[in-house]
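Working notes, structure below.
Read-outs throughout are calculated quantities, based only on the coordinates presented, and are distinct from any laboratory measurement. Only a predicted model underlies this, so the values are computations on that prediction, with no experimental measurement involved. Cβ placement follows ideal geometry from the backbone for every residue including glycine, while neighbour counts extend to all protein chains displayed.
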Amino acid sequence: MDITSLIKDKALAVGFDLVGVTTADAVDDLHVGHLTEWLDCGYAADMGYMHRNFEKRVDPGTLLGGAKSVVCVALNYTPETQFDDNPEIARIANFALYEDYHGFMKDRLGELAAFLVETTGDGARFKICVDSVPLLERALAQRAGIGFIGKNRMLINPDFGLQLLLGEIITTVELTPDKPMEKTCGECDKCVWACPTRAIKSAGTIDARKCISYQTIENKGEIPDDIARFVGNNVFGCDRCIDICPYQKFAKEKAAKNKLFKFHPQRQNLKLKDILEMDEKQFEEIFGDSSLKRTGLQKIKATIRKCTAS
């Protein structure tokens, strides 16, 4: 068995659902142009960090000298149970119903990277990337053949759907690249029309200023009135453009398989009033290992007060 196959087998063995390999070359002009236009149009809202490190974002080779390959992995986070369809229940984006994925994925990427070095020799170097590193990871994942980018800008895998957390290992080891996934959404516009604020453009661009996920997670200020009236009980993120996608509805892999990725079902049943009555200690007990910590209890309370009154 060749090195690339060994690395892929190990990626699945440590708990990832999908793995693919691509070169460490810069992404193509289409993705560079899309990012440039998105920034120029102001669609990044107040996410100033998206304007920084542009070269690193589009060229993984700049993140590690001598880089030749990128190993792309994905972890399915589709919950086994669904939210109660009740406007009094606080809706939390599905990924945040689990433990914070950053540490979970970094640990497993570290195990995979150690295997890479052990298999190829001590001279191999690598850099682990999970979300916070400036990198167009969905473009790389598509080039590595593990999915394609939909109109809602999510990576879509025909078998696993859209609820995928992504990670990468950039390495100086030369591996055999996979073929890109050459699929598109075609004429399907379901996600475009499912977005209540029309944040999604049919050409496949997201205006973060109108996006409920941005407003409830990233925006440090008050949610604008014209957006707040559509937020409802979405207190952290929004999955509407994911839930409506046919690839998600008819995914063969209906639920997350890695049971070591800790799921917190109690986060699906919290009422809005329960969160409003929480103190910081209670918030820590329920969300201590969650992505919600970065947003904070006070921001979430402010979202509830503003958006349930709109």
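For the reader, a short list of remarks on this structure follows.
- Elements of type helices (runs of 4 or more DSSP H) in region 167-276, at least 2 residues being of a type in the set (Val, Ile, Thr): 225-231
- Neighbours by Cβ (under 6 Å, 6+ apart or cross-chain): first from region 172-196, under 30 Å from residue 118 (Cα atoms); second surrounded by 15 or more Cβ atoms within 10 Å (Cβ to Cβ) and charged (D, E, K, R): 172/68; 172/125; 174/68; 180/143
- For beta carbons closer than 7 Å, sequence separation of 6+ or different chains, a first residue in region 110-135 that is assigned to a helix (DSSP H, G or I) and a second that is of a type in the set (Gly, Ala, Ser), the qualifying pairs are 112/11; 116/124; 117/124.
- Region 136-166 - residue that is among the β-branched types (Val, Ile, Thr) and in a strand (DSSP E or B) and, of those, nearest to residue 253 (Cα to Cα): 156
- Each residue in region 58-103 was checked for being touching a residue at least 40 places away in the same chain (Cβ under 8 Å), closer than 19 Å to residue 137 by Cβ and among the charged types (D, E, K, R), and 2 pass.
- A search for C-beta distances below 6 Å between a residue of region 1-27 that is under 21 Å from residue 257 (Cβ atoms) and any residue that is among the acidic types (Asp, Glu) and surrounded by fewer than 17 Cβ atoms within 10 Å (Cβ to Cβ), counting only pairs 6+ apart in sequence or on different chains, returns 14/111.
- Taken over region 48-98, the criterion of being closer than 20 Å to residue 209 by Cβ and either among the polar types (S, T, N, Q) or touching a Phe, Trp or Tyr at 6+ places or on another chain (Cβ under 8 Å) (or both) is satisfied by 93 alone.
- Where residue 36 falls short, out of the listed (1) exposed (fewer than 14 other Cβ atoms within 10 Å of the Cβ); (2) on the phi > 0 side of the Ramachandran plot; (3) polar (S, T, N, Q): (2)
- Hey, residue 130 among the β-branched types (Val, Ile, Thr), within 21 Å of residue 56 (Cβ to Cβ) and more than 13 Å from the chain's Cα centre (by Cα) or not: no
- Subset of region 289-298 (residues that are assigned to a helix (DSSP H, G or I) and over 10 Å from residue 236 (Cα atoms)): 293, 294, 297, 298
- Per the conditions (1) closer than 27 Å to residue 49 by Cβ; (2) out of contact with any Pro (no Cβ under 6 Å at 6 or more places or on another chain); (3) not hydroxyl-bearing (Ser, Thr, Tyr), the sole criterion not satisfied by residue 170 is (2).
- Here residue 79 fulfils each of the conditions (1) more than 30 Å from residue 264 (Cβ to Cβ); (2) touching a helix residue (DSSP H, G or I) at 6+ places or on another chain (Cβ under 7 Å) apart from (1).
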